[in-house]
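Data first, discussion second: the structure below is written as structure tokens.
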Amino acid sequence: MSLLKNGILWKDVHGEPIHAHGGYIIFHEGYFYWYGEDRRENYYVSCYRSANLTDWEFRRHVLTTQSRMQGYRVRTTMQLVNEDGNKVNLERPKVLYNQKTGKFVMWVHYENGKNYHDAAVAVATCDTPDGDFVYHGHFNPYGYMSRDCTLFQDDDGTAYFISASRDNADLHMYRLTDDYMNVEKLVHRLWQGEYREAPAVVKIDGKYYMLSSFCTGWAPNQGKYAMADAMEGDWSTLTEIGDETTYQSQPAFIIRWKGRVLYYGDRWGGDGSRYFESGYVVYPLALEGDRLVMEYVDQIEL
Ligand code: DGJ
């Protein structure tokens with residue numbers, strides 16, 4: 001039995017810290033792949049692999065300042081290093097496998113490394129889950145600002161990109177094109193003026209739930225969720241979940257595994273200066289009647 005202690009920086013199978021903050025996990029051909037932010041050296045996104053969600057093997061720095069770039073017709077800005085020669089800022093990487101193209105497609109929040117004014121999203125692709133991703137540049141969907149973000153893939157393969165817009169005041173939902181390479185339609189502008197960050201979506205018993213945080217930098221705050229019968233249907237207003245700090249966490253993503261719904265959050269290291277010490281949490285989610293609840297656990301067996 002292997003217990004994961006919540007709130008600390010977990011180690012991989014070689015005893016090295018797991019650098020996969022603000023991340024995302026997909027399941028592909030018998031393995032989970034965990035993508036997340038890695039701010040060391042010239043790295044942007046790292047990928048880890050596990051068969052059991054507990055023992056993680058580092059696979060590769062899948063996106064770095066040196067990643068190969070390849071233009072894509074709707075994107076014009078291809079910059080993995082800024083004008084000053086410094087790193088840009090890539091946050092909250094999310095990856096989906098596209099059944100039709102056979103590509104793994106990453107969407108990630110892009111900033112220029114100096115400030116948060118670009119508010120854009122970048123796209124990268126790879127033929128394998130843990131190979132070198134090819135960078136296709138960043139853009140503002142339909143010209144909108146796009147900061148904290150997530151992806152969600154529905155059972156029929158339709159995918160959605162959700163991101164904070166209008167200086168984080170509103171949360172936008174876009175349906176993606178079939179190849180997941182572009183947005184196809186802005187389907188929602190949700191919760192105007194509510195300043196939601198860190199969105200994460202899960203489908204339970206045919207209904208859709210979206211968790212998010214409030215906008216307080218790296219400090220945790222009261223999580224909230226909303227519900228809808230369809231991604232493109234009407235979303236409810238926001239209901240509180242967890243305690244006033246979401247049990248000291250900010251949402252990263254939610255997965256379903258062995259009949260459980262598992263919320264993964266980041267416990268950021270203060271204001272970002274202790275970023276490398278940022279820990280992870282997993283809290284079970286469950287429906288009580290029609291209410292979604294988060295269970296606080298100090299440690300968890302997956
Ligand atoms: C909150 C976001 O959720 C984080 O990913 C990061 O962008 C910080 N803001 C930066 O202050």
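Shape index of the range 1-82: Rg/Rh, with Rg the Cα radius of gyration and Rh the Kirkwood radius from the inverse mean 1/r over Cα pairs, equals 1.05.
If every alpha-carbon in the chain counts as one equal scatterer, what log10 I(q)/I(0) does Debye give at q = 0.06, 0.10 1/Å? Here log10 of I(q) over I(0) equals -0.17, -0.48.
For ASP229 and ASN115, FRET efficiency with R0 = 41 Å and r from the beta-carbon atoms, rounded to 0.05? It would help to have the intermediate numbers written out before the result.
Values: r = 39 Å, r/R0 = 0.96.
That gives a FRET efficiency of 0.55.
Shown here for the range 122-202: trypsin sites (Lys or Arg not before Pro) in loop regions (DSSP other than H, G, I, E, B) with at most 12 other Cβ atoms within 10 Å, of which there are none.
Please label the shape of the range 86-189 as rounded, prolate or oblate, based on the square roots a ≥ b ≥ c of the eigenvalues of the alpha-carbon gyration tensor (a/c under 1.5 means rounded; beyond that, a/b larger than b/c means prolate, else oblate). Provide the component values of the computation, followed by the final result.
Values: a/c = 2.27, a/b = 1.20, b/c = 1.89.
The shape class here is oblate.
Rounding to the nearest 20 debye, state how big the charge dipole of the chain is about its Cα centre with +1 on each Lys and Arg Cβ and -1 on each Asp and Glu Cβ. Please report the intermediate quantities before stating the final value.
Details: 31 positive and 42 negative charges, 102 e Å.
It comes to approximately 480 debye.
The simple spin-label model puts a point 7 Å past each Cα toward its Cβ; for GLN192 and LEU287 those points are separated by 3.1 nm. Working from label points 7 Å from Cα in the Cα-to-Cβ sense, the THR76 to TRP218 distance is 3.5 nm. Between LYS207 and THR177, the modelled label-to-label distance comes to 3.6 nm, taking each label 7 Å out from Cα in the direction of the beta carbon. Note on SER2/ARG274: beta-carbon distance plugged into 1/(1 + (r/R0)^6) with R0 of 22 Å gives a FRET efficiency of 0.25. Rounded to the nearest 20 debye, the dipole size of the range 209-288 about its Cα centre is 360 debye, using +1 on the Cβ of Lys and Arg and -1 on the Cβ of Asp and Glu. For the chain, a Gaussian network of Cα nodes joined below 10 Å ranks HIS172, HIS109, HIS117 by mean-square fluctuation, and the top entry is HIS117. Working from the Cα coordinates of the range 102-161, the gyration tensor eigenvalues give, after taking √(5λ), semi-axes of 22, 16, 9 Å in decreasing order. When restricted to Cα atoms, the range 154-195 yields an Rg and a Dmax of 11.2, 32 Å, respectively. The mean sequence distance of close C-alpha pairs (under 8 Å, at least 6 residues apart), as a share of the length of the chain, puts its relative contact order at 15 percent.
Sequence gap at least 6, Cα distance under 8 Å: using those rules, report the relative contact order of the range 42-185 to the nearest whole percent. Display every interim value, and only then the final one.
Working: 330 pairs, mean separation 27.0, N = 144.
This gives 19 percent for the range 42-185.
Within the range 75-152, report the GluC sites (Glu not before Pro) that DSSP leaves as loop and that have at most 11 other Cβ atoms within 10 Å. Could the numbers behind the result be given before it?
Values: sites: GLU83, GLU91, GLU111; in loops: GLU83.
Answer by residue number: GLU83.
What are the trypsin sites (Lys or Arg not before Pro) within the range 266-302 that DSSP puts in a loop, where the Cβ has at most 11 other Cβ atoms within 10 Å? The partial results should precede the final answer.
On the way: sites: ARG267, ARG274, ARG291; in loops: ARG274.
For trypsin sites (Lys or Arg not before Pro) across the range 266-302 that sit outside H, G, I, E and B with at most 11 neighbouring Cβ atoms in 10 Å, the list reads ARG274.
If you take the Cα centroid of the range 174-230 and the Cα centroid of the range 18-67, the two points sit 22 Å apart.
Every number in this text was worked out from the coordinates using simple rules, so none of it is lab data. Since the structure is predicted, the reported quantities are computational estimates derived from the model, not experimental observations. Cβ: placed from backbone, ideal geometry, glycine included. Neighbour counts: every protein chain shown.
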